[in-house]
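Read through the structure below, which is laid out as structure tokens, and then see the notes.
The values are calculated or read from the model by the stated rules, or taken from the named source; none is laboratory data. Just so we're clear, the structure is a prediction, and the values are computed from it rather than from any experiment. As a convention, Cβ positions derive from the backbone with ideal geometry for all residues, glycine included, and neighbour counts pool all protein chains shown. Ligands, DNA and RNA are excluded from the accessible area calculation, which covers all protein heavy atoms including side chains. Shrake-Rupley method; radii C 1.70, N 1.55, O 1.52, S 1.80 Å.
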Amino acid sequence: MAKKKVLLMGKAHSGKTSMRSIIFANYLARDTMRLSPTLDVEHHHVRFLGDLVLNLWDCGGQDAFYESYFERDRETIFRSVELLIYVFDIESDCPEKDFDHFAGVLEAMEENSPDARIFVLVHKMDLVAEEERELILEDRKRLIEDSCLGVGVQHFQCFGTSIWDETLYKAWSEIVTNLIPNIGVLESHLADFCRICDADEVVLFERATFLVISHAQSNRDGREIAEGAVNGAEEGSLASGNPAVKDSHAEDVAEIQSSEDAEKTKADEAAVEMSTSPSSLLSSPLEPSGASPGEDTSALTPTPVTPGDRVSAPPFNSAAATNGQITKGKPSGIASSTPQFDAHRFEKISNIVKQFKLSCGKAQSQFQGMDVRNSKFTAFIDAFTANTYIMVIVSNQNLEGGGQDWSSGAKTAATLLNIQKARSHFEQFIPRS
């Protein structure tokens, strides 16, 4: 069992404990308001992907504690660190002192753990006016870069984050991906699986946190693009064709070729099939962690229904689900056929599905997966290995162009069978705990 020491540092009240609680302790954003400030150092052992344990040191940010960190406990705190996460409060009333502490932490890291990876989170960005966020974040990044270069730190990554939107998941997905030792091999096999399923995109989520750990995207000419969480937001072309299943790595992946056509679904109409266990399904929308404090969420409580019933949802608008930035077709008057992807689409899905899983738990049910279908695409989210979930997105064919409609039962069965058959193959790259 691999253990990785992770330091979580920053000034008091910067939001360190809140983000940790949301990612690893299943808190909603509004629930973090009852958390008290961290005193001294709190140790947490967080299991990730089964056999990877994060030894998370949540360090209090009061001035007196920093004096202890830099002097009496210097070696204890900063020795054998795998990863440093330093959090800045964008609305701090004493930024000069914050940067003094940051420089001291960097010097101690260079002295005791020179090979540690460094991530800097500029937090509480929701408090900045939306039209000014990009400019203010770039200015803060420049100051952070100057501090890093001043003590000889050449490599670091910086993110703007907020507990009220998907940016927190974006940053932490990238952070934890850096701790997975065989991520390159995993991405390669995920790209093969994307080709096998003839999918547009395949995304792998960690089971407990639902953070994105890998992503593969199919190109128009049939080539696959394997990406980690940091590159998963790039634009790309889509490939679509008949579902043919064959695996060059695992012989037990089924080979399926279907020619059965089905009646095309009506435009803008979607059926959402949600699988839960032991015997209940959820029919109400869930509250994303970005809900505003004090917002009435009484209508968001999941409602159990009779086992075997199919739950219908309002028509699913893929563009509306991501602020209109995901399009699977060519907009009127636009010559380009390249789809426009929301840069945060995976993290938004992480956020939404994780809250849905929590709602399942409150209803004494266990989330297994869901299918989302409309006239443009079908998305399958299903339990995959012992420690992951997988999402497979397949765009529906244009029947007039000789393609096949993926809303048919045969095509759905083909994809679900591929997921089932690939589980044992991927278990060797993502070991059981």
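For residues in the range 166-212 being closer than 13 Å to F384 by Cβ and of a type in the set (D, E, K, R), which is most open to solvent (accessible area, probe 1.4 Å)?
R207
When the range 142-173 is examined, which residues are found to be under 20 Å from E91 (Cα atoms), part of a helix (DSSP H, G or I) and under 23 Å from the mean Cα position of the chain (by Cα)?
Listed by number, the residues that qualify are T167, L168, A171.
Out of (1) touching a residue at least 40 places away in the same chain (Cβ under 8 Å); (2) out of contact with any helix residue (DSSP H, G or I) (no Cβ under 9 Å at 6 or more places or on another chain); (3) part of a helix (DSSP H, G or I), the odd one out for A103 is which?
Among (1) touching a residue at least 40 places away in the same chain (Cβ under 8 Å); (2) out of contact with any helix residue (DSSP H, G or I) (no Cβ under 9 Å at 6 or more places or on another chain); (3) part of a helix (DSSP H, G or I), the lone unmet condition for A103 is (2).
Would you call E71 at pLDDT below 95 and within 25 Å of the chain's Cα centre (by Cα)? Let's see the steps before the verdict.
On the way: at pLDDT below 95: yes; within 25 Å of the chain's Cα centre (by Cα): no.
Against the criterion (at pLDDT below 95 and within 25 Å of the chain's Cα centre (by Cα)), E71 does not qualify.
If you go through the range 60-67 one residue at a time, do you hit one that is touching a Leu at 6+ places or on another chain (Cβ under 8 Å), within 23 Å of E166 (Cβ to Cβ) and touching a residue at least 40 places away in the same chain (Cβ under 8 Å)?
For the range 60-67, residues touching a Leu at 6+ places or on another chain (Cβ under 8 Å), within 23 Å of E166 (Cβ to Cβ) and touching a residue at least 40 places away in the same chain (Cβ under 8 Å): absent.
Which residue pairs have Cβ atoms closer than 6 Å, lie 6 or more positions apart in sequence or on different chains, and pair a first residue in the range 70-87 that is farther than 12 Å from C59 by Cα with a second residue that is part of a strand (DSSP E or B)?
Every condition considered, the pairs that remain are S80/K5; V81/K5; V81/L7; E82/K4; E82/K5; L83/V6; L83/R117.
Pairs, please: C-beta under 7 Å, at least 6 apart or cross-chain, first residue of a type in the set (G, A, S) and in the range 115-143, second part of a strand (DSSP E or B)?
Within 7 Å, the pairs are A116/L83; A116/L84.
For (1) without any contact (Cβ under 8 Å) to a residue 60 or more places away in the chain; (2) farther than 19 Å from I430 by Cβ, each residue gets a yes or a no:
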{"site": "E166", "(1), (2)": "no, yes"}
{"site": "Y169", "(1), (2)": "no, yes"}
{"site": "T177", "(1), (2)": "yes, no"}
{"site": "N182", "(1), (2)": "no, no"}
{"site": "L186", "(1), (2)": "no, no"}
{"site": "R195", "(1), (2)": "yes, yes"}
{"site": "E206", "(1), (2)": "no, no"}
{"site": "V212", "(1), (2)": "no, no"}
{"site": "S218", "(1), (2)": "yes, yes"}
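Go through the range 2-23 and count every residue that is under 17 Å from W172 (Cβ atoms) and open to solvent by 40 Å² or more (accessible area, probe 1.4 Å).
Residues meeting the conditions: 1.
How about the range 394-428: which of its residues are closer than 19 Å to Q217 by Cα, open to solvent by 20 Å² or more (accessible area, probe 1.4 Å) and either in contact with an Asp or Glu (Cβ under 6 Å, 6 or more places away or on another chain) or at pLDDT below 85 (or both)?
If the condition is that a residue be closer than 19 Å to Q217 by Cα, open to solvent by 20 Å² or more (accessible area, probe 1.4 Å) and either in contact with an Asp or Glu (Cβ under 6 Å, 6 or more places away or on another chain) or at pLDDT below 85 (or both), then N396, Q397 are the ones that fit.
So which residues in the range 352-374 are open to solvent by less than 30 Å² (accessible area, probe 1.4 Å) and outside any strand (DSSP E or B), if there are any at all?
If the condition is that a residue be open to solvent by less than 30 Å² (accessible area, probe 1.4 Å) and outside any strand (DSSP E or B), then V353, K354, Q355, F356, S359, C360, A363, S365, N374 are the ones that fit.
Mind counting the residues in the range 39-55 that are buried (at least 20 other Cβ atoms within 10 Å of the Cβ) and within 18 Å of L84 (Cβ to Cβ)?
Filtering the range 39-55 for residues buried (at least 20 other Cβ atoms within 10 Å of the Cβ) gives 48-49, 52, 54.
Okay, now just the ones that are also within 18 Å of L84 (Cβ to Cβ), so 48, 52, 54.
Matching residues across the range 39-55 total 3.
Give T32, T76, T38, T17 a once-over and let me know the one that is polar (S, T, N, Q) and over 27 Å from the mean Cα position of the chain (by Cα).
So the residue among T32, T76, T38, T17 that is polar (S, T, N, Q) and over 27 Å from the mean Cα position of the chain (by Cα) is T76.
Can you tell me which residue in the range 70-91 is farthest from I175 (Cα to Cα), limited to those that are in contact with a Gly (Cβ under 8 Å, 6 or more places away or on another chain) and open to solvent by less than 10 Å² (accessible area, probe 1.4 Å)?
The selected residue is F88.
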